[in-house]
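J.: Structure in structure tokens, see below.
The values are calculated or read from the model by the stated rules, or taken from the named source; none is laboratory data. Treat the numbers as computed from the prediction; the structure is a model and nothing was measured. Virtual Cβ from ideal backbone geometry, glycine too; neighbours counted across all protein chains shown.
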Amino acid sequence: MSKIRRRSRKQQAKDTIQVEVPLRALLTDQLHEAVIASGFYALGQLLEEERTVVCGPRYERVVDRQAWRSGHAPGELVLGGRRVQVERPRARTVDGKEVVLPSWKVFSDQDPLTRRAQEQMLIGVSTRKYKRSLESTPKGLKTRGDSKSAVSRRFVAATRKQLLERMNSDISGLELAALMIDGIHFADHVILVALGVDVDGKKHALGLWEGSTENAAACRGLLKNLLNRGLDAERSILAVIDGGKGLRKALIDVFGDYVLIQRCQVHKKRNVREHLPQHLHASVKRTMNQAYSSKDPARAKKQLLNLVRRLETEHPGAAASLLEGLDETLTVIGLGLHPELQRILSSTNAIENLFGSVRRITKRVKKWRGGHMILRWVSASIEEAKQGFRRLQGYRTLPKLMDHLRRRDGTLNCSLEQHNQVA
């Protein structure tokens, strides 16, 4: 008898589980629809209260009435990444002009819809799958604005506006200690990006410029854009570049003696290794790392020149590569910076990390339709990547770099004044 009772309880438990799953799903759907319905009801009450303020209480005589009730009309509001159709209470002034209720103006704004479309695309949702990524709406509710073409139009408009704001934003209020410039390739285009580091160690995406290569003309275009927006070309600044001749020439043309160039040590090590057989890679890299981690620029230079002499007989290409621009790879050594900060400012890794985020976001684009499209996507990707920006390690020693730059300004200004007096 007890065995029969136990089987019966198991069967009852099994039956209960089978009933609970669809019931829970049903209640979830009902709750979702109830929440939306309650929200629309509350909005309707709010709009009716605002219409009462404008028109006065219903069915009552109002002296000096300023507006009259004018029934309802179909309207649209933003809900969950799409636009839904609802009834809008209307009011008209005594001379027949439409009265816009404050809450309706707020809730019918399209900006939340545009931001939602842009965010969805940047996190990987395609225009074709945008509708599937949105929450469901109650049956019978008319919706629009979630089609592939509508989402694409909103994304283009949003990124175009964002790009325009970036290219014209004021940067005169930034006290920059360092400027990093590098290029990222897309098909036949190169997008040059300028990343600034302020005295507090915070990174700022300053600007971008499109060109076919990283030549001096494209680099000057980027720098002139920065100057027009407030960058001071008559104050010394540390410029970190990968060693490209076009970039270096443009920096000297624009800043003259006010630019301190730091060649990327990571690129230099990579370039030297490309001229060497595999069995020498580790030892040469180790020697270069020891020199670059030094706090004494004279000692670091001596170590590197010794390496040049070791290589020049059997591997003259590697020796020439190491010797080219050698002094500019040692610019930040000896400034008293924190070791981590010295390492960061000795390479373009900070901007390369930014490019990693740009590549991750833009890899879903299958066909580029011109440079403007690339600029829009890169600008939007940078804006997304900015959310993960952190201060540079060792930033508390940046004032030492700033002191060095200001002393250099004083020396250059004195020399300029003496030159003018002689002239």
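J.: Can we say His32 is modelled with pLDDT of 85 or more and either more than 37 Å from the chain's Cα centre (by Cα) or under 16 Å from Leu141 (Cα atoms) (or both)? Before the answer, list the steps.
T.: Working: modelled with pLDDT of 85 or more: no; either more than 37 Å from the chain's Cα centre (by Cα) or under 16 Å from Leu141 (Cα atoms) (or both): yes.
So His32 does not fit the description; no.
J.: Moving on to the next point. Considering only the range 191-297, give the helices (runs of 4 or more DSSP H) lying wholly within it that have at least 3 residues that are in contact with a strand residue (DSSP E or B) (Cβ under 8 Å, 6 or more places away or on another chain), surrounded by 15 or more Cβ atoms within 10 Å (Cβ to Cβ) and in the same structural domain as Ala178 (by TED's automatic domain parsing).
T.: Passing ranges, in order: 216-228, 245-255.
J.: Right, next: Considering only the range 242-266, how many residues are touching a Ser or Thr at 6+ places or on another chain (Cβ under 7 Å) and closer than 18 Å to Leu192 by Cβ?
T.: Residues meeting the conditions: 5.
J.: With Val78, Val125, Val151 as the choices, which residue is in contact with a helix residue (DSSP H, G or I) (Cβ under 6 Å, 6 or more places away or on another chain), part of a loop (DSSP other than H, G, I, E, B) and either in contact (Cβ under 8 Å) with a residue 12 or more places away in the chain or closer than 27 Å to Lys366 by Cα (or both)?
T.: Val125
J.: Does Gly183 satisfy the criteria of being assigned by TED's automatic domain parsing to the domain that holds Asp403 and either modelled with pLDDT under 95 or among the charged types (D, E, K, R) (or both)?
T.: yes
J.: In this structure, does Glu234 turn out to be acidic (Asp, Glu), within 26 Å of Asn168 (Cβ to Cβ) and more than 21 Å from the chain's Cα centre (by Cα)?
T.: Answer is yes for this residue.
J.: Right, something else. Among the residues of the range 78-125, write down those that are under 29 Å from the mean Cα position of the chain (by Cα), hydrophobic (A, V, I, L, M, F, W, C) and under 20 Å from Glu49 (Cα atoms).
T.: Val106, Phe107
This table checks each residue for (1) more than 26 Å from Asp182 (Cβ to Cβ); (2) hydroxyl-bearing (Ser, Thr, Tyr).
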position: Gln265; (1), (2): no, no
position: Asn271; (1), (2): no, no
position: Lys295; (1), (2): yes, no
position: Ala298; (1), (2): yes, no
position: Thr313; (1), (2): yes, yes
position: Gly325; (1), (2): no, no
position: Leu330; (1), (2): no, no
position: Ile344; (1), (2): no, no
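J.: Take Asn215 and decide whether it is free of Cβ contacts under 8 Å to residues at least 24 places away in the same chain and either of a type outside the set (A, V, I, L, M, F, W, C) or in contact with a Phe, Trp or Tyr (Cβ under 7 Å, 6 or more places away or on another chain) (or both).
T.: So Asn215 does not fit the description; no.
J.: State all residues of the range 357-402 that are surrounded by fewer than 14 Cβ atoms within 10 Å (Cβ to Cβ) and aliphatic (A, V, I, L, M); if no residue qualifies, say none.
T.: The one that is surrounded by fewer than 14 Cβ atoms within 10 Å (Cβ to Cβ) and aliphatic (A, V, I, L, M): Val365.
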